[in-house]
Amino acid sequence: MKAAASESLPPLARNSHAMHCKLCLSGLPFSQVEMDSSRIALGFYCLGTLDLLGVLETKTTPSEREAWRNWLWEQQTHGRYGSGFKPSPYMTSDILLDEESEFDTPHLIMTYTALMSLAILRDDFSKLDRPGILKFLRSCQRGDGSFSASPNGGEADLRIVYCAFVISSLLDDWSGMNVDAAIAYVQRCSSYEGGYGQTPFGEALGGTTYCAVASLYLAPSTPLSPIEHRLSSSERSRIIRWLVQKQTSLGGFSGRTAKAADACYCFWCGAALNILGAGDLVDSAALASFLGKCQYQFGGISKAPSERADPYHTYLSLAALAIYKPKGTNESWELPQVDVLRNATVDTALWARNRIRAGEV
């Protein structure tokens, strides 16, 4: 692959990308029917973009940040399954304010994104029910080692396992799961292609390959599953080979074999290669060139050139650029270091790890 010259990159439209996400955040506390089931995740991508661009405090007011913190804490729910965060108030009934119903349970992905959003907002986590979250994790783990998104069911795949692992790492307490069973489930998702499927025997996908690799590196060593034995040298080589093959001639990464490049996979595949110590195999100049072309004229970054932008692709594109900084560009392309295991800036991940830790207030 011929790398595009970094000198030809357009400026990174930082202000436009920030305003795109700020505009999306403005609707967070209000009803947006199509986003109700993942409103907390949308907030994470918007806040994460502002964090990566280093403009959270300059582009938002103290009262706005306080309102977002309060709204997030309003989504913390307590009940027979423990405590966690629900996607939004959309299923809450006035008669269920003090009791969690079967239709108002916490969600693992939303709990992960809520915790990271509160860390971006530099909350002190004094309201966090740590024992309740551990109970919630235990209620979500299934007999095969996987995790369901909610205690009473829902999707169960490597994305959910990854969220459970990050939450446990932030708590610095792994008593909420059977670690060995969860690791064994991750390993069963390995595909003959070299990457990992969402579930055992599934097609290898860039996003779930990242979730698998990050999970294997996040989990503590156990007698049955010591860290050094989780990936053999041949398994590591197969994963790296599959990931490298996903970088297309356009410079972006595809998420599946023989598919078009998509901006989000620049992070999912690129971050997985970084974790595996193979980041030097990424053509960073070509990657930046592709993402530069994905910048939407009215702000934000899209999945591919000429597509409409959204907060999800905006955040993940910037996170990929933070890992693979293009050389020789102007200062508009400067971004902070990313904690590739937890998918946040290093400063935000450190804040979360220091304040979410179980037993500390």
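The values are calculated or read from the model by the stated rules, or taken from the named source; none is laboratory data. Nothing here was measured: the structure is a model prediction, and the numbers come from that model. No Cβ is skipped: glycine too gets one built from the backbone with ideal geometry, and neighbour counts run over all protein chains shown.
Could you please let me know if W268 is modelled with pLDDT of 95 or more, surrounded by 22 or more Cβ atoms within 10 Å (Cβ to Cβ) and outside any loop (DSSP other than H, G, I, E, B)?
On the way: modelled with pLDDT of 95 or more: yes; surrounded by 22 or more Cβ atoms within 10 Å (Cβ to Cβ): yes; outside any loop (DSSP other than H, G, I, E, B): yes.
Judged against the criteria, W268 is a match.
Condition first: farther than 20 Å from H313 by Cβ and without any contact (Cβ under 8 Å) to a residue 12 or more places away in the chain. Now tell me which residues in the stretch 246-285 satisfy that.
A258, G277, D280
Criterion first (touching a Phe, Trp or Tyr at 6+ places or on another chain (Cβ under 8 Å) and under 29 Å from S8 (Cα atoms)) does A272 satisfy it?
Yes, satisfied.
Please specify each residue of the stretch 257-290 satisfying the condition of being β-branched (V, I, T) and over 16 Å from the mean Cα position of the chain (by Cα).
T257, V282
Kindly evaluate A204 against the criterion of being of a type in the set (A, V, I, L, M), farther than 25 Å from A352 by Cβ, buried (at least 22 other Cβ atoms within 10 Å of the Cβ) and at pLDDT 95 or above. Break it down into steps so the answer makes sense when it comes.
On the way: of a type in the set (A, V, I, L, M): yes; farther than 25 Å from A352 by Cβ: yes; buried (at least 22 other Cβ atoms within 10 Å of the Cβ): yes; at pLDDT 95 or above: yes.
When the stated conditions are applied, A204 passes them.
How do the helices (runs of 4 or more DSSP H) wholly within the stretch 35-87 filter down when requiring 1 or more residues that are within 14 Å of K22 (Cβ to Cβ), within 17 Å of the chain's Cα centre (by Cα) and at pLDDT 95 or above: which remain? Break it down into steps so the answer makes sense when it comes.
Details: elements: 39-52, 56-59, 62-74.
The helices (runs of 4 or more DSSP H) meeting that bar are 39-52.
Return only the number of the condition from (1) in a loop (DSSP other than H, G, I, E, B); (2) touching a helix residue (DSSP H, G or I) at 6+ places or on another chain (Cβ under 6 Å) that G202 does not satisfy.
(2)
For L96, are the conditions met, namely being at pLDDT 95 or above and among the aliphatic types (A, V, I, L, M)?
Working: at pLDDT 95 or above: no; among the aliphatic types (A, V, I, L, M): yes.
No: the conditions fail for L96.
Six or more apart or on different chains, Cβ under 7 Å: which pairs go from a residue in the stretch 311-334 that's crowded, with 22+ Cβ neighbours inside 10 Å to one that's among the β-branched types (V, I, T) and part of a helix (DSSP H, G or I)? Could you list them?
P311/T49; T314/T49; Y315/T49; L318/T49
When you scan the stretch 239-256, do you find a residue that is under 20 Å from R159 (Cα atoms), part of a loop (DSSP other than H, G, I, E, B) and hydroxyl-bearing (S, T, Y), even just one?
The answer is yes; a qualifying residue exists.
Filter the stretch 337-361 down to residues that are at pLDDT 95 or above, in a loop (DSSP other than H, G, I, E, B) and surrounded by 14 or more Cβ atoms within 10 Å (Cβ to Cβ), then give me how many there are.
First pass over the stretch 337-361, keeping only residues at pLDDT 95 or above: 337-356.
So of that shortlist, the ones also in a loop (DSSP other than H, G, I, E, B) come out as 337, 340-343.
Keeping just the survivors that are surrounded by 14 or more Cβ atoms within 10 Å (Cβ to Cβ) gives 340-343.
Looking only at that region, the number is 4.
Can you work out which of the residues in the stretch 110-155 that are touching a His at 6+ places or on another chain (Cβ under 8 Å) and not in a strand (DSSP E or B) is surrounded by the fewest Cβ atoms within 10 Å (Cβ to Cβ)?
Taking the stretch 110-155 and keeping what is touching a His at 6+ places or on another chain (Cβ under 8 Å), we get 129, 132, 149-150, 154.
Applying the additional criterion that residues be not in a strand (DSSP E or B) yields 129, 132.
Working: D129: 15, G132: 18.
Only one residue fits best here, namely D129.
In the list T209, T248, T257, which residue meets the criterion of being within 30 Å of Q295 (Cα to Cα) and at pLDDT below 95?
Working: T209 fails: at pLDDT below 95; T248 fails: at pLDDT below 95.
Answer to the selection: T257.
Out of all the residues in the stretch 169-183, is one or more among the polar types (S, T, N, Q), buried (at least 20 other Cβ atoms within 10 Å of the Cβ), in contact with a Leu (Cβ under 8 Å, 6 or more places away or on another chain) and at pLDDT 95 or above? So that I can check it myself, show each step before the final result.
Filtering the stretch 169-183 down to residues among the polar types (S, T, N, Q) leaves 169, 175, 178.
Next cut, buried (at least 20 other Cβ atoms within 10 Å of the Cβ) only: 169.
From what is left, the residues that are in contact with a Leu (Cβ under 8 Å, 6 or more places away or on another chain) are 169.
Going one step further and asking which of them are at pLDDT 95 or above, we end up with 169.
Yes, because at least one residue in the stretch 169-183 is among the polar types (S, T, N, Q), buried (at least 20 other Cβ atoms within 10 Å of the Cβ), in contact with a Leu (Cβ under 8 Å, 6 or more places away or on another chain) and at pLDDT 95 or above.
Results for (1) closer than 22 Å to A181 by Cα; (2) out of contact with any Gly (no Cβ under 9 Å at 6 or more places or on another chain); (3) touching a residue at least 40 places away in the same chain (Cβ under 8 Å), shown as yes or no for each residue.
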site	(1), (2), (3)
H107	yes, no, yes
I120	no, no, yes
R130	no, no, yes
K135	yes, no, yes
Q141	yes, no, yes
F147	yes, yes, no
I160	yes, no, yes
C163	yes, yes, yes
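Just one of L224, L216, L231 is in a helix (DSSP H, G or I) and among the hydrophobic types (A, V, I, L, M, F, W, C); which is it? Let's see the steps before the verdict.
Values: L224 fails: in a helix (DSSP H, G or I); L231 fails: in a helix (DSSP H, G or I).
Only one candidate qualifies: L216.
Need the failing condition index for A261 against (1) closer than 18 Å to V338 by Cα; (2) buried (at least 20 other Cβ atoms within 10 Å of the Cβ), just the number.
Single failed check for A261: (1).
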